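Asker: Following this message is one structure expressed as structure tokens.
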Amino acid sequence: EVVRLDEKYSVYFELFEFLSVILFTIEYVLRGWSCVADPQFGVKGPLKGRIAYLTSFFCVIDLLAILPYWLNMLGYIGEVDFSTAIRIFRLVRLLKADKYINAFSLLDDVLAENSALLIATMYYALLTLVVSATLLYMTERFNPEVA
């Protein structure tokens, strides 16, 4: 009998989710509080600047990622199965981080500079895979234990 992971480790998964949501909630509140330090939102004043920030696209996505958990914990809604799908939107933030992280720019430069070498390597790897698979098929095709 196969034991499902959620049955075996449900306590650990729930603890991990709780700690993750706590961490993301603290981060969300602190970003909302400190957003007026950014000139883009600070010039609008403390209240309007925070409202403008909290209604921006990425902030709304972050709120949608943590809100189902808190609504469930407070008893306003039942168990939400689609909350994981909503939390996936947090990955969109990684696209935004690209312009702040030089590593992505460096990786892009390396890939662009060595693209011909990488394509040739992939070609030879695929060729090796096909030849190996063919040889394995040819040697094992009449083996009754494999068929």
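Asker: For the range 9-40, give me each residue that is of a type in the set (S, T, N, Q) and within 13 Å of TYR69 (Cβ to Cβ). Give the steps one after another, and end with the answer.
Answerer: At the first step, the residues of the range 9-40 found to be of a type in the set (S, T, N, Q) are 10, 20, 25, 34, 40.
Listed by number, the residues that qualify are SER20, THR25.
Asker: Within the range 84-99, how many residues are part of a helix (DSSP H, G or I) and either at pLDDT 80 or above or over 21 Å from GLU17 (Cβ atoms) (or both)?
Answerer: 3
Asker: Right, another one. Looking only at the range 48-74, which residues are farther than 16 Å from PHE18 by Cβ and small (Gly, Ala, Ser)?
Answerer: Passing the criteria: GLY49, ALA52, SER56.
Okay, residues lined up against (1) open to solvent by 100 Å² or more (accessible area, probe 1.4 Å); (2) within 26 Å of ILE77 (Cβ to Cβ); (3) in contact with a Gly (Cβ under 6 Å, 6 or more places away or on another chain); (4) among the small types (Gly, Ala, Ser):
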site	(1), (2), (3), (4)
TYR9	no, yes, no, no
PHE18	no, yes, no, no
ILE22	no, yes, no, no
GLN40	yes, no, no, no
GLY45	no, no, no, yes
VAL60	no, yes, no, no
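Asker: If you check GLU14 against the conditions, is it open to solvent by less than 90 Å² (accessible area, probe 1.4 Å) and acidic (Asp, Glu)?
Answerer: Criteria not met by GLU14.
The values are calculated or read from the model by the stated rules, or taken from the named source; none is laboratory data. Predicted, not measured: the structure shown is a model, and the values here were computed from it. Glycine also receives a Cβ, built like all others from the backbone with ideal geometry; neighbour counts cover every protein chain displayed. Remember, those area values only see protein heavy atoms, side chains included, never the ligands or the DNA or RNA. Shrake-Rupley method; radii C 1.70, N 1.55, O 1.52, S 1.80 Å.
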